[in-house]
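See structure below.
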Amino acid sequence: MRIFEEMESEVRGYIRSFPAVFDTARGSEMFDERGNRYIDFFAGAGTLNYGHNNPAISQALIDYLQNDGIVHGLDKATVAKKVFLQKLADTIFAPRNLEYKVQFTGPTGTNAVETALKLARMVKQRSNVIAFTNAYHGLSMGSLAITGNSFYRDESYGVRHNSAFVPYDGYFGQDVNTIDYLRRFLMDQSSGIDLPAAIIVETVQGEGGIHVASDAWLRELESLCREFDILLVLDDIQMGNGRTGTFFSFERAGITPDMVTVSKSIGAGLPLSLLLMRPELDQWKPGEHTGTFRGNNLAFVAATKALEYWDTPDFAEGVRHKGEIFRESLQAIVDKHPAINGELRGVGMVWGIEFADPGFAGAVSEEAFKQGLVIETAGANGQVLKFLPALTMDEAIITEGLAIIEKSIEAVLE
Ligand code: PMP
């Protein structure tokens, strides 16, 4: 660890939560340089929905490299990009009747969010953007302005211009419809909230602590956007790619966002981010919003292979089935230990347990790591233990991992 402490910036984070030097990984297992094994309930913050070194995806990459496939091509046309776009059109868009144009926005999630913010403002010629309490959209200057948690934000950054936060679904409990508040704000010229170019939303707030918006709320949000001529930007960076049991997380609500940000698992672990937009919103001038790493051909190869999981309904069904195992087992753990006063929330294969004591989740994560399991916390104060396993995780490892969680909770309670 000494070299990291000496050379790596103090900003390093996960290295502190998981103090091991990782070396190899396969599926949902990771191994450190000493050969210790860890079960992975974190899946690279949601980038590894198809597991570490998925054999089919690795093989596709090996084949591509062996044939001298172009690795870096700026945003030039390449065969790998063509094949990816075709696969996305056939496997994902067509069966869902979606018509989106695809912009390659860069390697990481925040690149897609920045692009959406610029495009929405340009198209609507309004600068305000509305986001929700507990939202997390990234940490570069634009996306930081619409990320709730002030931990990430120094006053000196000056990023809070032209953005406003309004309460997410459930923020005031289940009886308060926060869309009614929003409508009232938009109709009242004294509310201090200007008509926005866009409203950006996660269907389940991941970093914010696993808050699940209801289908009805999402539908009302969509209607409100139509009513006021506001663009609905859906940030599916963490909850997309099957995490919630359907390819796009918004499918369950039957809504059609104007723009969708996609990243994390779309590249099956390789860096890739996309902005999907209704075709008429594509009002960029050629080259107006560009950058060097727009379109990583290795990521296209991995992404194309990964999308094969969506050729049949089986994969999504498996995700929902395994999600039920998590729900039932975690609810049983919560019920068995009233002392933790836990609340379980989630959908598909993303779950969170919020504990009454805000330090408890961190202590469980630390203990679980000692017992050979990687799991992160979420929420404003890290008060939620967050389950984000690979969607390909097999049931035996799920059982083994959940047993470590239960033992860790018991150890922390003692
Ligand atoms: N949006 C959401 C919903 C996210 O969960 C994240 C990452 N946790 C981001 C945006 C930012 O992505 P990145 O860290 O790749 O910039």
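Within the range 236-261, track down each residue that is open to solvent by 10 Å² or more (accessible area, probe 1.4 Å) and touching a strand residue (DSSP E or B) at 6+ places or on another chain (Cβ under 6 Å).
Listed by number, the residues that qualify are ILE237, THR244.
Restricting attention to the range 242-275, report how many residues are of a type in the set (A, V, I, L, M) and assigned to a helix (DSSP H, G or I).
The qualifying residues number 2.
Assess whether ILE199 counts as being buried (at least 24 other Cβ atoms within 10 Å of the Cβ), over 27 Å from ALA306 (Cα atoms) and away from the ligand (no atom under 13 Å from the Cβ).
Here the answer is yes, as ILE199 does meet what is asked.
Being open to solvent by less than 40 Å² (accessible area, probe 1.4 Å), among the charged types (D, E, K, R) and either without any contact (Cβ under 8 Å) to a residue 24 or more places away in the chain or assigned to a loop (DSSP other than H, G, I, E, B) (or both): is that true of ARG12 here?
For ARG12, the condition - open to solvent by less than 40 Å² (accessible area, probe 1.4 Å), among the charged types (D, E, K, R) and either without any contact (Cβ under 8 Å) to a residue 24 or more places away in the chain or assigned to a loop (DSSP other than H, G, I, E, B) (or both) - is met.
Looking only at residues that are surrounded by 19 or more Cβ atoms within 10 Å (Cβ to Cβ) and outside any strand (DSSP E or B) in the range 19-43, which one is farthest from the chain's Cα centre (by Cα)?
Looking at the filtered set, the residue picked out is SER28.
Step by step: first the residues of the range 117-139, then only those that are over 18 Å from VAL166 (Cβ atoms) and of a type in the set (A, V, I, L, M), then the one that is least open to solvent (accessible area, probe 1.4 Å). Which residue is that?
So, considering only residues that are over 18 Å from VAL166 (Cβ atoms) and of a type in the set (A, V, I, L, M), the one least open to solvent (accessible area, probe 1.4 Å) is LEU119.
Has the range 232-252 got any residue that is among the aliphatic types (A, V, I, L, M) and away from the ligand (no atom under 16 Å from the Cβ)?
Scanning the range 232-252, I find no residue that is among the aliphatic types (A, V, I, L, M) and away from the ligand (no atom under 16 Å from the Cβ), so the answer is no.
Could you tell me which residue of the range 102-131 is nearest to the ligand (Cβ to nearest atom), considering only residues that are of a type in the set (A, V, I, L, M, F, W, C) and in contact with a Pro (Cβ under 7 Å, 6 or more places away or on another chain)?
Checked the range 102-131; the qualifying residue nearest to the ligand (Cβ to nearest atom) is VAL129.
Check whether at least one residue in the range 49-69 is within 16 Å of the ligand (Cβ to nearest atom), in a loop (DSSP other than H, G, I, E, B) and open to solvent by less than 70 Å² (accessible area, probe 1.4 Å), and report yes or no.
yes
The values are calculated or read from the model by the stated rules, or taken from the named source; none is laboratory data. Treat the numbers as computed from the prediction; the structure is a model and nothing was measured. Neighbour counts run over all protein chains shown; Cβ positions are idealised from the backbone, glycine included. Quick note on the areas: whole protein, heavy atoms, side chains included, nothing else; ligands and nucleic acids left out. Shrake-Rupley method; radii C 1.70, N 1.55, O 1.52, S 1.80 Å.
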